[in-house]
Amino acid sequence: MERKPTEFQFIEELFGRYPKLLECEGEIHRAMELLLDSFQRGGKLLICGNGGSASDSDHIVGELMKEFCIKRDLPWDIKKKLEEAGGTELSEAIREALPAISLDAHTALITAVINDVGAEFMYAQQVYGYGKSGDVLLGLSTSGNAKNVDYAVKTAKALGIGTILITGRSGGLIKKSADIAICLPESETYKVQELTLPLYHALCLQLEEYFWGLPFS
């Protein structure tokens, strides 16, 4: 059942711990609303980045595709079917998930695209193959200038896929392409990354709370 939260409690807690992120408050709330709307409608999240941002992409998938901080029980009818197919152990082990794919994780495909076409297209090809209208692409680029992320964002927009960028202060060239650009108030790569992790943790916590937590007051 869809619920309409009156507040995003984990986002507000994030601002309490990292007050400088209040500079991005509007964009963070817009990103949260876009993600909620997509998942409510059966969409999925595609994520891409390079280097440390690729690791962050994998990390986000880990938080969304299994339990993070709240128990995610399956609907009873699904549990019954799993129990019939594989026993109680299977039905009890699997949890509800928010579908998310890290585009850096497919080595054979990525290297084939790099070899045959070029590294700048390795994420755009996957967006085209996996994406559908109503999905969301999250691009991570501390500089905002990663060509392969920019092409992924542009491909997503052509397909009717919502786009979010998490980047540094300047926003780089991708800022012009993304629907929502969260320009974290730092410029050095490691400092941008230090703010990126608590931000996506808060987004993941908020999504989990929305779908499986207690009702908002």
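Readers should treat all values here as calculations from the given coordinates under stated rules, not as data from a laboratory. No experiment lies behind these values; they were computed from the predicted model shown. Every residue, glycine among them, receives a Cβ derived from its backbone with ideal geometry; neighbour counts consider all protein chains shown.
Hey, can you tell me all the residues within segment 74-90 that are closer than 22 Å to Val61 by Cα and part of a helix (DSSP H, G or I)? Passing the criteria: only Leu90. Taken together, the criteria place Ile70 among residues that are in contact (Cβ under 8 Å) with a residue 40 or more places away in the chain, out of contact with any Cys (no Cβ under 6 Å at 6 or more places or on another chain) and either in a loop (DSSP other than H, G, I, E, B) or of a type in the set (A, V, I, L, M, F, W, C) (or both).
Listed by first and then second residue, the pairs with beta-carbon distance under 6 Å, at least 6 apart or on different chains, first residue in segment 159-176 and at positive phi, second outside any loop (DSSP other than H, G, I, E, B) and crowded, with 19+ Cβ neighbours inside 10 Å, are Gly171/Ala181; Gly171/Cys183.
Say we look at segment 186-210 and pick out the residues that are under 12 Å from Phe68 (Cα atoms) and not acidic (Asp, Glu); which of these is surrounded by the fewest Cβ atoms within 10 Å (Cβ to Cβ)?
His201
A single member of Ala93, Ala85 is over 30 Å from Lys157 (Cα atoms), in contact with a Ser or Thr (Cβ under 9 Å, 6 or more places away or on another chain) and either surrounded by 13 or more Cβ atoms within 10 Å (Cβ to Cβ) or among the small types (Gly, Ala, Ser) (or both), and it is Ala85. Scanning segment 116-146 for residues that are at negative phi and surrounded by fewer than 17 Cβ atoms within 10 Å (Cβ to Cβ) returns Asp116, Val117, Ala119, Glu120, Tyr128, Gly129, Tyr130, Lys132, Ser133, Asn145.
Within segment 75-94, does at least one residue satisfy the condition of being in contact (Cβ under 8 Å) with a residue 60 or more places away in the chain and in contact with a helix residue (DSSP H, G or I) (Cβ under 8 Å, 6 or more places away or on another chain)? Within segment 75-94, not a single residue is in contact (Cβ under 8 Å) with a residue 60 or more places away in the chain and in contact with a helix residue (DSSP H, G or I) (Cβ under 8 Å, 6 or more places away or on another chain).
Inspection of segment 32-44 finds no residue satisfying the criterion of being in contact with a helix residue (DSSP H, G or I) (Cβ under 8 Å, 6 or more places away or on another chain) and farther than 13 Å from Leu207 by Cβ.
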